[in-house]
Amino acid sequence: MENKKNFYINGKWVTPKSKEEIKVIDPATEENCAVITLGNKDDVNDAVNAAKKAYSSWAFSSKDERIRLLEKLYENYKKRWADIASAITTEMGAPKDFATKLQAGTGAAHLKSFIRYLKNFEFEKPLGEHAPNQRLIYEPKGVCALITPWNWPMNQVCLKVMPAIASGCTMVLKPSELAPLSSMILAELIDETKFPPGVFNLVNGDGATTGDSLTSHPDINMISFTGSTRAGALISQNAAKDFKRVSLELGGKGANIIFKDADPEAIERGALRCFRNSGQSCNAPTRMLVEKSMYNDAVERLKKYTEKFEVGDPKKEGEHIGPVISETQYNKIQTLIKKGIDEGAKLVAGGPGKPEGLEKGYFVKPTVFADVNNNMEIARTEIFGPVLSVMPFETEEEAIEIANDTPYGLTNYIQTTDKEKVKRVARKLRSGMVDVNGAGIAVDAPFGGFKHSGIGREAGEHGLEEFLEVKSVGGWS
């Protein structure tokens, strides 16, 4: 069991003032894999003070210096790629191949992308030809609290840390206490890269104590949070007291609209996207809407596909899925699966309990419900497990109405070979992103949602701008 008790503050690994510790659990084995400290108010204060002190110089650092350090960090990241992937497999159960290619891979991709956008970004520019003496200056928002989840640990950390660095902000990162190990490797890489002390700080902890101390701290200027909608609402309340800037990437309940003219792989591809990462993705297409004329066939195909879908040891190679993150999450998913049965949805595949041969670990059977309607809890709640709800529709208008009938609005999906239909439907879907025919969303495309799915956008130029304030200057010459 690893000792990961220290925090990274002001350019050094330091002994926390808090003495409260928790164990990090490997969800595949239910065994302890590390011990971390839960930061208290004094630890948070030390980290925020270090970031505040560093801000006075880092905010005015040159773009060339930031680029040089980020490029060096990217080189260091590549050297520890395998270590990061291994940590993610251990801390949250992502299978080895998936952790290497996608979990660690997306972190590297975002780092590389933000370097590219930083090189091309104009921090000072004229308002326009009509106003030659008017200047726009983009300045860092200040000291940032970055709070990240466990489901895509390095992806989400890099979506916050890299644009914060690029913009000239300083920061305190609080990774999820359930999956902190990969973030601690990133802190080691930042230390190795020799960023100025205080630019980046890491304090482990929970939401109730550490997160609350961080988001309510008077010297925090911006909060960037990814996690549950419930937690996002609480953070917004803390932020509102002194008008901290807030960026929130929250839950989702994506609809995958499959028209009768969809390509032959659309049904199975939709199930895979739902089950991937053990269903623990906010942008997963967890509601499959199928045109009525092909509905029965689609349900049969989903049954065959799901019954063969492999769940297994995350430390072995392959395209299977691993466990969900924790006993609490496992129990929540089991409760919702039983709720679906009680509500009268037709259980097509999977169901309660663990897959055969996997009695140890928080493994969940990939599960499909048919004949679901939007009034059922399984259709309205973000389950965050490999559970797919299938429902029929008759017309394009009905499909759009069902898709939009949700408090969420993160990612929706369209499957059709009719290009004009794609354009009509995409325009009417109330979500921040729309994925068509499995094309995917580009690594630098704006990531974020409507309604209860959050505020603001991450990734690419929009993600960089989230960490910048705009100043207008008149009389510039």
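The values are calculated or read from the model by the stated rules, or taken from the named source; none is laboratory data. Predicted, not measured: the structure shown is a model, and the values here were computed from it. Because the Cβ atoms are built from the backbone with ideal geometry, glycine has one as well, and the counts that use them run over all protein chains shown.
Summary of values
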item	result
Unique residue being crowded, with 24+ Cβ neighbours inside 10 Å, touching a residue at least 12 places away in the same chain (Cβ under 8 Å) and farther than 20 Å from residue 114 by Cβ when the list is 229, 215	215
Exclusive hit being of a type in the set (Ser, Thr, Tyr), at pLDDT 95 or above and either surrounded by fewer than 17 Cβ atoms within 10 Å (Cβ to Cβ) or assigned to a strand (DSSP E or B) (or both), set 8, 55	8
Residue check, residue 394 surrounded by fewer than 16 Cβ atoms within 10 Å (Cβ to Cβ), among the acidic types (Asp, Glu) and touching a helix residue (DSSP H, G or I) at 6+ places or on another chain (Cβ under 9 Å)	yes
Out of 143, 161, sole residue that is under 17 Å from the mean Cα position of the chain (by Cα) and either more than 25 Å from residue 57 (Cα to Cα) or at pLDDT 95 or above (or both)	161
Index of the failed condition, residue 428 passing every other in (1) buried (at least 17 other Cβ atoms within 10 Å of the Cβ); (2) touching a residue at least 12 places away in the same chain (Cβ under 8 Å)	(1)
Residue list for region 87-102, restricted to those being touching a Lys or Arg at 6+ places or on another chain (Cβ under 8 Å) and part of a helix (DSSP H, G or I)	89, 96, 98
Residue check, residue 444 outside any loop (DSSP other than H, G, I, E, B) and either assigned by TED's automatic domain parsing to the domain that holds residue 328 or acidic (Asp, Glu) (or both)	no
Those residues of region 448-477 which are crowded, with 18+ Cβ neighbours inside 10 Å and either part of a loop (DSSP other than H, G, I, E, B) or in the same structural domain as residue 434 (by TED's automatic domain parsing) (or both), in sequence order	448, 449, 456, 457, 459, 466, 467
Residue check, residue 292 charged (D, E, K, R), touching a Ser or Thr at 6+ places or on another chain (Cβ under 7 Å) and at negative phi	no
Qualifying positions in region 58-78 - among the aromatic types (Phe, Trp, Tyr), in a helix (DSSP H, G or I) and within 15 Å of residue 164 (Cα to Cα)	58
